[in-house]
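Below is one structure; the comments refer to it alone.
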Amino acid sequence: MRQSAGSNATAGGIDRSARSLRHLVAGQWRTGDGDELLDVNPARPRETVAVGQLAKDRDLDQAVTAARDAFPRWAATPHHVRGRILDRAADVLDANAEVWGAELSWEEGKTRAEGVGEVRRAAEIFRYYASEASRPVGEIFASPRPGEQIHVIHRPVGVVAVVTPFNFPVAIPAWKIAPALSYGNTVVWKPASLVPLLAVRLAEALVEAGLPEGVLSLLIGGGALGGRLVEHPGVDAVTFTGSTSVGRSLIAACGRLARPVQTEMGGKNAAVVLADADLELAAGEVFAGAFRSAGQKCTATSRLIVAEPVADEFLALLTKRASALRVGDPLEEGTEMGPVASLQARDEIQLSVNAGTERPGVELLTGGRPYDDDRMTGAFLQPTVVELAGDDPLWREELFGPVLSVRRARDVEEAFALANDSEFGLSAAVFTDDLRAVAAATEQVDVGVLHINSETAGADPHVPFGGAKQSAYGPKEQGRAARDFFTRTKTVYVRPSERRDQ
Ligand code: UN1
């Protein structure tokens with residue numbers, strides 16, 4: 001691991017003065033009067049990115065009331081007019097992609113290229129949902145009765161609570177907020193308190209695009225505020241991406257309230273490298289899946305299953321890449337991996353790795369050691385690969401960092417059984433050109449997203465995204481699948497009267 005975090009205070013070329021945080025409630029920006037929130041740069045934790053005060057319950061009540069009041073008018077606004085606002089928001093995101101992308105990198109820790117790419121991806125998501133107005137809005141069925149038609153139409157649900165994680169500060173909010181608004185819902189949004197600045201930027205884009213007052217409110221707060229939002233009597237549905245433990249408690253709360261809920265939670269995604277695979281290609285993809293965004297994606301590759309005949313060769317390729325990775329300040333040119341999102345996350349992941357490497361059957365192949373360098377005092381972790389002789393907590397627990405656990409498989413059958421050996425089932429990757437193995441993977445690997453010869457991460461706006469097993473609950477996200485959650489169907493029986501004298 002080459003290290004590159006220097007002490008250049010202007011690295012990345014963005015203005016490094018601390019920004020002010022604000023909430024958006026009923027169309028007005030306000031500073032809030034809760035506890036102070038200090039938003040810091042995870043690469044240099046003494047550097048403040050933004051500062052502000054948390055929202056309070058009163059702000060929450062006002063935001064929900066504003067969303068309720070705005071709902072009928074927004075739902076009755078022609079879909080094309082709603083779409084034009086989303087399109088304009090996409091333009092604002094694109095116009096600001098370089099600066100907001102750098103801010104994203106500064107605040108969250110992914111590289112600047114990933115930050116800029118994420119802002120552009122959010123724009124693409126807004127464009128997709130802007131054009132939703134031009135697609136069919138329902139279905140017409142034949143009726144068994146003469147003269148009648150049966151229409152199935154989609155109506156917005158109402159006020160949607162949106163609770164989002166730190167790891168994609170604009171893309172995940174975009175793929176929840178864009179469909180919610182496109183289909184005519186109003187939104188109260190609580191982002192992760194680790195990334196409030198990018199939340200403010202996304203809300204600014206929507207305000208600049210002309211979103212009417214109250215249609216979107218943004219509240220910056222901690223987990224307790226998120227819990228109160230989810231259970232608020234004025235909320236009709238809840239969409240959440242984040243940890244499995246929080247997701248399960250939100251599902252339980254929504255179950256008690258009979259409130260629709262959609263959650264995207266943990267992953268422990270496997271890449272399977274079969275004996276016939278293109279090993280160079282597979283090494284590049286597994287490496288990207290494991291270490292881009294410092295492994296902080298629910299779709300990241302955190303388990304590798306490699307066929308015994310090619311295991312030594314493949315692991316040599318992979319560890320060579322990992323040990324050459326440039327870790328450092330994500331705003332600096334040439335950095336390939338930044339820090340994880342906080343010192344606390346760094347310490348927790350490091351502890352799990354330390355504990356693991358003390359157990360028999362766990363062999364450290366590369367990385368795994370804390371940095372002992374005063375330029376690397378931020379939340380940095382070494383890209384780490386461990387080989388496991390058998391089952392181990394490192395095989396099961398989602399660490400949400402740059403740690404890859406490897407096991408060897410005798411044959412295709414054992415490889416897929418190992419891939420399925422997890423409570424999670426978000427994504428998987430299989431590296432092979434063998435058509436039979438591809439067919440078997442498609443049938444047998446129990447995940448929501450399967451990649452053949454590409455990394456486990458990634459999602460396109462027009463196709464369903466979401467996991468199997470304990471990775472998700474409720475309808476899928478993205479593409480047309482999002483309509484299942486953000487609308488309710490109404491089945492309308494249309495039978496003209498038989499009167500003739502009108
Ligand atoms: C991606 O793989 O590019 O929280 C997106 C997450 C997922 C999104 C992954 N919901 O990491």
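The values are calculated or read from the model by the stated rules, or taken from the named source; none is laboratory data. All of these numbers come straight from a predicted model, not from anything done at the bench. In this analysis, Cβ positions are derived from the backbone assuming ideal geometry, glycine residues included, and neighbour counts consider all displayed protein chains. Side chains included, ligands, DNA and RNA excluded: accessible areas come from the protein's heavy atoms. Shrake-Rupley method; radii C 1.70, N 1.55, O 1.52, S 1.80 Å.
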Residues of segment 425-455 satisfying the condition of being of a type outside the set (Asp, Glu), open to solvent by 20 Å² or more (accessible area, probe 1.4 Å) and either without any contact (Cβ under 8 Å) to a residue 40 or more places away in the chain or part of a strand (DSSP E or B) (or both): 435, 436, 438, 439, 440, 442, 444, 448, 449, 450, 451, 452
Can you tell me which residue among 199, 205 is away from the ligand (no atom under 12 Å from the Cβ), more than 16 Å from the chain's Cα centre (by Cα) and part of a helix (DSSP H, G or I)? 205
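Any residue at all in segment 169-183 that is assigned to a loop (DSSP other than H, G, I, E, B) and within 16 Å of the ligand (Cβ to nearest atom)? Don't jump to the end; show me each part of the working.
To start, the set of residues in segment 169-183 that are assigned to a loop (DSSP other than H, G, I, E, B) comprises 169-170, 183.
If we keep only those that are within 16 Å of the ligand (Cβ to nearest atom) too, we end up with 169-170.
Within segment 169-183 (the criterion being assigned to a loop (DSSP other than H, G, I, E, B) and within 16 Å of the ligand (Cβ to nearest atom)), the answer is yes, since at least one residue qualifies.
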What is the number of the single condition among (1) of a type in the set (Gly, Ala, Ser); (2) surrounded by fewer than 23 Cβ atoms within 10 Å (Cβ to Cβ); (3) over 25 Å from residue 50 (Cβ atoms) that residue 209 does not meet? (3)
Looking only at segment 230-250, which residues are within 22 Å of residue 71 (Cβ to Cβ) and either within 13 Å of the ligand (Cβ to nearest atom) or not assigned by TED's automatic domain parsing to the domain that holds residue 71 (or both)? 239, 240
State yes or no: is residue 339 within 24 Å of the chain's Cα centre (by Cα) and more than 16 Å from the ligand (Cβ to nearest atom)? yes
Can you give me the ranges of the strands (runs of 3 or more DSSP E) entirely in segment 11-125 with at least 1 residues that are open to solvent by 20 Å² or more (accessible area, probe 1.4 Å) and of a type outside the set (Lys, Arg)? 28-30, 36-41, 44-53
Condition check: of a type in the set (Asp, Glu), more than 14 Å from the chain's Cα centre (by Cα) and away from the ligand (no atom under 14 Å from the Cβ). Does residue 124 satisfy that? no
May I ask you to list the residues in segment 296-312 that are more than 7 Å from the ligand (Cβ to nearest atom) and β-branched (Val, Ile, Thr)? 301, 305, 306, 310
Please go through segment 345-390 and pick out each residue that is aliphatic (A, V, I, L, M) and either open to solvent by 80 Å² or more (accessible area, probe 1.4 Å) or farther than 22 Å from residue 47 by Cα (or both). 349, 351, 353, 355, 362, 364, 365, 385, 386, 388, 389
Can we say residue 415 is within 27 Å of residue 166 (Cβ to Cβ), open to solvent by less than 10 Å² (accessible area, probe 1.4 Å) and touching a residue at least 60 places away in the same chain (Cβ under 8 Å)? no
I'd like the full set of residues that are more than 9 Å from the ligand (Cβ to nearest atom), touching a Ser or Thr at 6+ places or on another chain (Cβ under 8 Å) and farther than 15 Å from residue 416 by Cβ, limited to segment 440-466. 448, 453
Is one or more of the residues making up segment 45-56 without any contact (Cβ under 8 Å) to a residue 24 or more places away in the chain, closer than 30 Å to residue 379 by Cα and among the β-branched types (Val, Ile, Thr)? no
In segment 142-154, is there at least one residue being in the same structural domain as residue 216 (by TED's automatic domain parsing) and under 22 Å from residue 87 (Cα atoms)? yes
Out of segment 251-278, which residues are away from the ligand (no atom under 12 Å from the Cβ) and open to solvent by less than 20 Å² (accessible area, probe 1.4 Å)? 253, 254, 261, 268, 270, 271, 272, 273, 274, 277
